[in-house]
Amino acid sequence: LFSQVSQSRNVKFKKYVNSTNSPVTDDAPRTTVLSVTPSETVEGSSVTLTCSSDANPAAKYNIYRVNEGQHGQLLRTGPQSVFSSIQVSDTGRYYCTAGNDLGSQTSPSIDINVKYAPRSPSVSLSPSGDIMEGSSVTLSCSSDANPAASYSWRKNNNQSVVSKDQQFVLSSILSSDSGQYYCTAQNELGEKTSGPVSVQVTCESNFFLLLFLKYSCTL
């Protein structure tokens, strides 16, 4: 016993199996989904993209990466694509297609956002040149990180934090503020400390005060 009914332009068929008379439906792919495991992607970890769909006969799969201003670039033929050591450059948007003899379907796209620890911080001093006592100086720190880094400053080899601002302002600077300053950038994945930025405060003397052995700052 065999009967078939076509529906939707021959996309769907019903078959009856002799032993049970249970209907078996042939379908074009539907509910096509691209998933990522694990859900949080960290630089250097293993990440798997999996395409799945309800289809009969079984679907064939392609996984694509969306390039800006272009159509999808084929990444993998098959239901899975594995990044054995995912990199920041793999950040982007992905989708997949499922197809069989009865039709095809494209999944919604997903975004992969690769997280990473802070890179080596870059530090700068403004204004550059001679730093006179009483002037204002700004130490700036920046680091590429995902998620964004928080910052802290230390002076010389002291473990005490002197500032938790990305830009550390020394206003009305004193000669005692001279020294080596280090910036640490930190997020949930790690931390990185900069090389030193040197602050040397110049004591500006006054000729008339020199007559009385007085200076504008303490040496």
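Taking the conditions exactly as written (basic (Lys, Arg), at pLDDT 95 or above and over 27 Å from Thr41 (Cβ atoms)), does Lys164 satisfy them or not?
Values: basic (Lys, Arg): yes; at pLDDT 95 or above: yes; over 27 Å from Thr41 (Cβ atoms): yes.
When the stated conditions are applied, Lys164 passes them.
Of everything in segment 180-201 that's farther than 29 Å from Asn146 by Cα and either charged (D, E, K, R) or surrounded by 15 or more Cβ atoms within 10 Å (Cβ to Cβ) (or both), which residue is farthest from the chain's Cα centre (by Cα)?
Applying the filter and picking the extreme gives Val201.
Since Ser120 meets every condition but one in (1) under 30 Å from Tyr182 (Cβ atoms); (2) surrounded by 15 or more Cβ atoms within 10 Å (Cβ to Cβ), which condition does it not meet?
(2)
If Ser107 satisfies every condition in (1) surrounded by 18 or more Cβ atoms within 10 Å (Cβ to Cβ); (2) under 30 Å from Ala185 (Cβ atoms); (3) touching a residue at least 60 places away in the same chain (Cβ under 8 Å) but one, which is the exception?
The failed condition is (2).
The values are calculated or read from the model by the stated rules, or taken from the named source; none is laboratory data. Keep in mind it's a predicted model, so treat the numbers as computed, not measured. Note: ideal-geometry Cβ built from the backbone for every residue, glycine included; neighbour counts use all protein chains shown.
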